[in-house]
Each structure stands twice: as C-alpha cells, then as structure tokens.
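Chemist: This is the structure I have questions about; it appears just below.
Throughout, read-outs are computed from the coordinates displayed, never taken from laboratory work. What you are looking at is a predicted structure, and each value in this text was computed from that prediction instead of being measured. Counting neighbours? That spans all protein chains shown, and the Cβs are built from the backbone with ideal geometry, glycine included.
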Amino acid sequence: MATMTKLPTIQEVQAEKARRAAAKTPPKPEVKPEVTVAAKPEETKPEGEKKKTKTKKVTYPGLKPDVAGKGTAKLTAWPTDHDEKQHLPLRKSDFENEAPWLIHRAEFLEGVAKRLRVEAEQSLTLGNKADRVKAKRLTRLQDQMAAVRAELAASGVDVDKLMAGVAMPKAAATTVEKK
C-alpha cells in the first residue's frame, strides 16, 4: 500500500523561504576608512590617447535677439558662414521668407538623389552585394595602381615597358585573348 506524504502549509513554505533567504545573505563587510592612492605615472594615458568628446553644436550667431529685444532677428538669405558641423540646423522659421531655406533643402536633396541614382545604377549592373563589394575593391586597386604608375613615371621608369615584361597568369591570358 502506498503511503501518503503530508504537503506543507503556506506558513511553513513562507517560513522555509525566509530561513533560506537569511542563510544566503552575506555578512556585512567591515567599513574601513578610505585611503586614496596616487596613480602611478605609467598608468596614466599619454596625451595622444585622450578620449575624444563630441563638440556641442551651437545656435547660429546670426540668430540673436533683434533690436527691440523681442524674439530673434530673421535671416533673409542662407548665410555663407553657416557650418553644419558647428551650428545647429537652421529652421524654416529662422528666415523672414521661407524661399532660402527651401532652395537650400532642395539642393541638399538633389545631392542625395544623385548619390542614390548612382547606387541604383551600380546595383542594376553589378547585381548582388558581394559583386558590388568586389567591384569597389577593384576600383580601389586600380586607383592604387594609377598612383604607383605615376610615381614610377615621375622617377623616370618606362612603365609600359616594365608592364610588358610582366608575365600574365594563364587564366588571365586566356580571358584576354578571347575578347
């Protein structure tokens, strides 16, 4: 015959949890007086390795309070000395007429559109991302090759004669001949 086991009551379970929690708490550490230790010279960072901090952008100085002290003076044209790296972006409300802001915004968006068209054209011609990465690497290598050619030509070396003497690998030679 099976024996029945007695289940603990809620109070017994809570008491057991409290006993286990009390047993798990570590003893309070002794409080020692603080002792400051000067950093060793070799532990300090050299001047070149200082942490770079972002400079906070400031409001464009042309947006100062007007003569009456009410509000700010409105701009009539896009300022030539406005630097997007130093100043906060100008808003449409910063201008007396919104036309200069809209013209500047349109020019910015036209630049973005040109870049996206070039990227789309590359995507159509090259296909997947891996091929685009390889093509980018190829153009980078061609630029390096052109720079080395220019250096050699400047030092008086006949680059074409030098390149004619370089043997092409068999695989590359067959692909060139087929074209």
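Chemist: Given LYS56/LYS92; LYS85/LYS114; LYS54/LYS134; LYS57/LYS92; LYS74/LYS114; LYS114/LYS134, which pairs have Cα atoms separated by over 27 Å?
Modeler: LYS54/LYS134; LYS74/LYS114
Chemist: Could you list SER123, SER93 in order of exposure, starting from the residue whose Cβ has the fewest other Cβ atoms within 10 Å?
Modeler: Placing the least packed residue first, the sequence is SER93, SER123.
Chemist: Please work out whether segment 75-120 counts as rounded, prolate or oblate from its C-alpha gyration tensor, where a ≥ b ≥ c are the square roots of the eigenvalues and a/c under 1.5 means rounded, while otherwise a/b larger than b/c means prolate and anything else oblate?
Modeler: Because a/c hits 1.5 or more and a/b exceeds b/c, segment 75-120 counts as prolate.
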